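One structure follows; several queries about it will come next.
The values are calculated or read from the model by the stated rules, or taken from the named source; none is laboratory data. Since the structure is predicted, the reported quantities are computational estimates derived from the model, not experimental observations. We place every Cβ from the backbone using ideal geometry, glycine too, and count neighbours over all the protein chains shown. Heavy atoms of the whole protein, side chains included, go into the accessibility calculation; ligands, DNA and RNA do not. Shrake-Rupley method; radii C 1.70, N 1.55, O 1.52, S 1.80 Å.
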Amino acid sequence: MLLLGSSAIYFGPDFTYHVPCLPVAPGRDSVQVPLRKPKPMPRVPRLIVIEPNGAHREVPVGTTPFRIGRQAGNELTLRDSRISRQQAQIISVNGTMVLEDMGSRHGTFVNGEKVLRHELQPKDSIDFGMPDSYKLTFLGQGATIEELVERVEAPAPTHAGSRELYHLGVLLEVARTLGTGLSLEDVLTAVVDAAIQVTRTERGVLLLANESGELNMIVARDAQRGTLRPDQLQVSQSVVKSVAKTRRELIVSDTGEDGGMSQQESVARLELHTVVAIPIDKLPMIETLDATISTRQGELLGVLYLDSHVPSSAFTDLDREVLRSLAREAATVVENARLFASSRAKQRLDHEIEIASQIQKTLLPKALPNTTELSVTGSTLSCHSVGGDCFDVIGLGGGRYGFFVGDVSGKGVSAALLATLLQGVFFTTAAMDIALPSVFSRVNQYLCERSGDDRYATVFYGVLDKMGRFEYVNAGHVPPLLLRKAGGLEGLGSANFPVGMFAEAEYQSTRVQVDAGDFLVIYTDGVSEASNNSNELFEESRLRRIMEDFKGTTVEQLGDTIREGMRAFTEGAPQSDDITILVIQYKGSTG
């Protein structure tokens with residue numbers, strides 16, 4: 001017998017008696033006391049797990065190999081990012097429990113010494129090289145006197161003061177897990193484990209909403225901190241749907257805290273005596289409009305669901321508040337993970353767009369003609385990282401050149417992809433040096449077969465020979481402007497459909513004579529539709545005035561004059577369309 005203050009412990013071969021010491025009446029040397037029912041000592045080896053917050057729990061080593069590590073699915077999962085996913089394992093060798101290190105990062109220690117393999121003895125202390133991490137004590141198959149004394153001295157968690165400390169320990173453990181940099185699944189698992197501890201339920205499930213708003217099981221755990229397979233679980237769908245709809249916590253128990261939900265078919269069919277469900281809401285949004293401040297309910301991120309087949313005690317206000325705190329922590333973790341994933345996705349998209357932009361720039365002509373007959377300069381400016389404008393100059397031999405400018409409908413990546421396709425197919429077709437209407441018919445047919453109904457492109461393409469003869473097709477494009485050296489401006493328009501719009505469209509070409517010293521400016525509607533901070537448009541009229549007032553002699557000077565005029569007008573205002581300008585000067589024939 002061992003006397004401990006107001007208690008006594010009797011040790012038998014297979015059981016113990018825990019007897020409270022009662023006062024002995026005068027004249028008597030003994031007292032009869034009721035004995036608790038003998039409790040058989042467990043026969044399987046056990047580990048005492050001491051968590052970083054000081055909490056103790058007992059884990060039976062029921063199967064071998066008994067794997068220990070950070071990864072979910074181990075027989076003992078330790079939530080510490082410094083511990084390896086597969087840290088160590090316990091195996092049975094001829095009836096002896098042997099601890100083996102699994103090639104861990106920081107090593108496995110027994111009684112302070114690093115080991116690779118060790119035959120475990122009762123009271124062996126196991127740690128993982130970090131003083132503030134988990135520690136294990138191997139108990140073997142029998143209880144030690146120290147363990148029994150610790151159990152007698154430990155305060156019962158049902159006492160009010162101890163319960164508060166117990167809740168505080170649970171929250172501290174979750175807070176420590178949040179700060180360890182573990183994966184989203186590991187942190188949410190810690191939240192579910194803590195909720196099971198608080199509610200004294202048998203299992204817990206965390207359901208998160210997908211993009212369609214459907215709730216899917218993400219984490220499923222039991223009271224022994226084991227991982228359950230979500231596909232083998234059945235939960236009360238009526239409770240989950242009610243919480244998701246009302247966005248209010250719901251507790252169904254034998255104490256009458258259910259508001260009639262215990263009569264729901266799913267609760268009765270599953271023979272549940274306790275069901276707890278807490279909504280996981282994104283933090284509410286605060287909006288302001290003038291002097292009015294309003295709060296908009298946050299998005300439903302998921303539901304924390306717990307249940308048990310055994311009756312439960314009444315839930316205190318403290319229990320409820322701790323559950324709400326856990327739900328808030330889960331909401332914060334999920335939202336942060338979504339923001340991080342969104343940020344990473346945006347970074348990847350930005351990187352891919354930057355690559356696409358570089359590819360698009362490399363497809364532009366590396367050098368533009370500057371001969372005795374003509375000079376050419378060109379530029380394109382995308383309103384986004386990539387654009388739907390494109391231009392090219394195609395050498396056709398014999399001093400003949402083709403000038404191409406295209407403008408794809410839409411903006412962004414999709415327009416840029418179609419612009420790249422358009423430039424490639426047009427260059428290939430035009431290089432065949434066939435009749436211009438045939439070039440446009442082939443390109444139009446190609447695009448109609450391979451692009452959507454809402455995708456088309458306006459195109460201007462013309463061929464200039466050494467004698468100044470210029471044949472062109474304008475397929476729905478803004479009319480280029482021909483600045484005559486002798487004075488005056490001419491617009492080169494025509495009544496053709498854009499390419500990619502109608503498969504049966506037919507195209508007609510037009511001819512014009514270009515004289516020595518004349519300038520031709522081919523541009524996209526991003527020039528005429530450029531806007532300033534007052535939302536006024538640049539329009540063709542301003543472009544005409546700039547060209548009419550031009551006193552320079554080179555294509556570079558004219559291009560710079562147009563761009564400078566646009567900069568002065570827009571005053572740095574952001575633009576909504578791509579801007580492309582191709583300037584050509586015909587110098588005359590050299591014979």
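Output the number of the condition that ARG567 fails; it satisfies all remaining conditions of (1) farther than 20 Å from GLY487 by Cα; (2) part of a loop (DSSP other than H, G, I, E, B); (3) among the basic types (Lys, Arg).
Among (1) farther than 20 Å from GLY487 by Cα; (2) part of a loop (DSSP other than H, G, I, E, B); (3) among the basic types (Lys, Arg), ARG567 violates only (2).
Quick grid of which residues meet (1) at positive phi; (2) part of a loop (DSSP other than H, G, I, E, B):
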{"position": "THR380", "(1), (2)": "no, no"}
{"position": "GLY387", "(1), (2)": "no, yes"}
{"position": "PHE404", "(1), (2)": "no, no"}
{"position": "GLY410", "(1), (2)": "yes, yes"}
{"position": "SER414", "(1), (2)": "no, no"}
{"position": "PHE427", "(1), (2)": "no, no"}
{"position": "PHE440", "(1), (2)": "no, no"}
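Can you name the condition, by its number, that GLY493 falls short on among (1) modelled with pLDDT of 95 or more; (2) within 23 Å of GLU540 (Cα to Cα)?
Result: GLY493 passes all but (1).
Kindly state which strands (runs of 3 or more DSSP E) lie completely within the stretch 484-539 and contain at least 1 residues that are surrounded by fewer than 17 Cβ atoms within 10 Å (Cβ to Cβ) and either touching a Pro at 6+ places or on another chain (Cβ under 8 Å) or of a type in the set (Phe, Trp, Tyr) (or both).
Answer list for the stretch 484-539: 489-491.
Give the residues of the stretch 189-247 that are over 26 Å from LEU318 (Cα atoms), part of a helix (DSSP H, G or I) and either within 25 Å of the chain's Cα centre (by Cα) or aliphatic (A, V, I, L, M) (or both), sorted by residue number.
Of everything in the stretch 189-247, those that are over 26 Å from LEU318 (Cα atoms), part of a helix (DSSP H, G or I) and either within 25 Å of the chain's Cα centre (by Cα) or aliphatic (A, V, I, L, M) (or both) turn out to be PRO230, ASP231.
Taking the stretch 36-67 as the region of interest, how many residues are at positive phi and either at pLDDT 85 or above or hydroxyl-bearing (Ser, Thr, Tyr) (or both)?
Residues in the stretch 36-67 being at positive phi and either at pLDDT 85 or above or hydroxyl-bearing (Ser, Thr, Tyr) (or both): 0 in total.
Return the residue satisfying two criteria in turn: it lies in the stretch 540-555 and is part of a helix (DSSP H, G or I) and open to solvent by less than 90 Å² (accessible area, probe 1.4 Å), and of such residues it is nearest to ALA486 (Cα to Cα).
The residue in question is MET547.
Taking the stretch 49-84 only, how many residues are in contact with a Lys or Arg (Cβ under 7 Å, 6 or more places away or on another chain), more than 22 Å from ALA194 (Cβ to Cβ) and either surrounded by fewer than 20 Cβ atoms within 10 Å (Cβ to Cβ) or not aliphatic (A, V, I, L, M) (or both)?
Adding up the residues that qualify gives 1.
Under 8 Å between Cβ atoms, which residue pairs at least 6 apart in sequence (or on different chains) link something in the stretch 536-554 that is closer than 15 Å to GLU490 by Cα with a partner that is assigned to a loop (DSSP other than H, G, I, E, B)?
GLU540/VAL478
So GLU490 passes all but one of these: (1) touching a residue at least 24 places away in the same chain (Cβ under 8 Å); (2) within 30 Å of SER438 (Cα to Cα). Which condition number does it fail?
Failed condition: (1).
Just the residues that are small (Gly, Ala, Ser) and surrounded by fewer than 17 Cβ atoms within 10 Å (Cβ to Cβ), please, taken from the stretch 415-433.
Once the filter is applied, which keeps residues that are small (Gly, Ala, Ser) and surrounded by fewer than 17 Cβ atoms within 10 Å (Cβ to Cβ), the stretch 415-433 yields GLY424, ALA431.
Show the residue pairs meeting these rules: Cβ distance below 6 Å; 6+ apart or different chains; first residue within the stretch 182-209 and under 22 Å from GLN237 (Cβ atoms); second residue basic (Lys, Arg) and open to solvent by less than 10 Å² (accessible area, probe 1.4 Å).
VAL192/ARG221; GLY204/ARG221
Shifting gears a bit: Of all residues in the stretch 446-483 being assigned to a loop (DSSP other than H, G, I, E, B) and either hydroxyl-bearing (Ser, Thr, Tyr) or over 24 Å from LEU417 (Cα atoms) (or both), which is nearest to the chain's Cα centre (by Cα)?
It comes out as SER451.
Of everything in the stretch 217-244 that's free of Cβ contacts under 8 Å to residues at least 12 places away in the same chain and farther than 16 Å from GLU202 by Cβ, which residue is most open to solvent (accessible area, probe 1.4 Å)?
It comes out as LYS241.
Considering only residues that are open to solvent by 40 Å² or more (accessible area, probe 1.4 Å) and in a loop (DSSP other than H, G, I, E, B), which ones fall in the stretch 389-402?
GLY398
Here are the criteria: (1) modelled with pLDDT under 85; (2) not in a strand (DSSP E or B). Tell me which single one ILE251 does not satisfy.
Only one criterion is unmet by ILE251, namely (2).
Here's a follow-up. Just name the residue that is most open to solvent (accessible area, probe 1.4 Å) out of those in the stretch 559-581 that are touching a residue at least 60 places away in the same chain (Cβ under 8 Å) and touching a helix residue (DSSP H, G or I) at 6+ places or on another chain (Cβ under 9 Å).
SER576
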